[in-house]
Amino acid sequence: MTTTHADPAMTRTEALSREFRRSRMFHQLVPMESGIGWPVPVPVVQDGAPRVYARLPLFVLRPDPSGGADLFPPFATATFDWSTRRLVEYTDLRFKEPYRSRAEWSHPIGRFPHPAVDGLTTSAYRDLRSDLFSRYDELFDELARGRQPGDGWSERFDRLLEQLLEPGLVPYYRQLAPKFLHRHLPEER
């Protein structure tokens, strides 16, 4: 995928998500009513050098005529090389986790908007979303350099993630990225 977005103010993380949604791969593999979740970093050391990947959880988001939408468990993940933006892995979790019953995949696990964002205006929600995306950019860039972001970054990132990540998706994120969630969204909160 190459950068094709026209908005120079858009963060790299948001652009990656938007470009994936518009891609042929997305349209071939992902149901139209699907949402793309907040990314989780997958840092690795390859040939002695740090490398980072962005894993995007995919879940069904079924609009409700009375407003809002039902959220369903993540059914797949798409993983991209942060430096090249190339899709390196698509995982269908329904195949990877066959021990989970079909009923588990077909029942809502939460709603959007959830209580932490329900009273926000669309503009206020988008501002928070942009702020979190910019902090993801900083996280991925620093991990690609083999280090963590600087002082003060984590506190704001953690608060934004806690506010914006849908509560029904948290247990699934804990399975997909246990170390990341333990660090940025401890269970005792």
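The values are calculated or read from the model by the stated rules, or taken from the named source; none is laboratory data. Predicted model only: the values in this text are computed from it and were never measured. Quick reminder, even Gly has a Cβ in these numbers, built from the backbone with ideal geometry, and neighbours come from all protein chains shown. Accessible surface areas use protein heavy atoms only, side chains included; no ligands, DNA or RNA. Shrake-Rupley method; radii C 1.70, N 1.55, O 1.52, S 1.80 Å.
Observations on the structure shown:
- Rolling a 1.4 Å probe over the protein heavy atoms of region 1-87, with every protein chain left in place, gives an accessible area that is 54 percent carbon and sulfur.
- Accessible area of residue 44 in the full protein assembly, 1.4 Å probe (Å², nearest 10): 50
- Gain upon complete extension [residue 49, residue 21; 0.36 nm per residue less C-alpha separation]: 7.1 nm
- Extension gain (nm, one decimal) between residue 163 and residue 92, 0.36 nm per residue minus Cα-Cα: 22.8 nm
- Largest to smallest in accessible area, the residues 25, 10 fall in the order 25, 10 (1.4 Å probe, all protein chains included).
- For residue 135, solvent-accessible area (1.4 Å; no DNA, RNA or ligand), Å²: 50
- Once the 1.4 Å probe is applied to the protein heavy atoms, the chain comes out at 56 Å² accessible per residue.
- Summary value for the chain: 20 percent relative contact order, contacts being C-alpha pairs under 8 angstrom separated by 6+ residues.
- The chain: Rg to Rh, with Rh as the Kirkwood radius over Cα pairs: 0.94
- Spin-label model, residue 33 to residue 125: label points 7 Å out along the Cα-to-beta-carbon direction sit 1.7 nm apart.
- Rounded to the nearest 20, the Cβ-based charge dipole of the chain about its Cα centre (Lys and Arg +1, Asp and Glu -1) stands at 480 debye.
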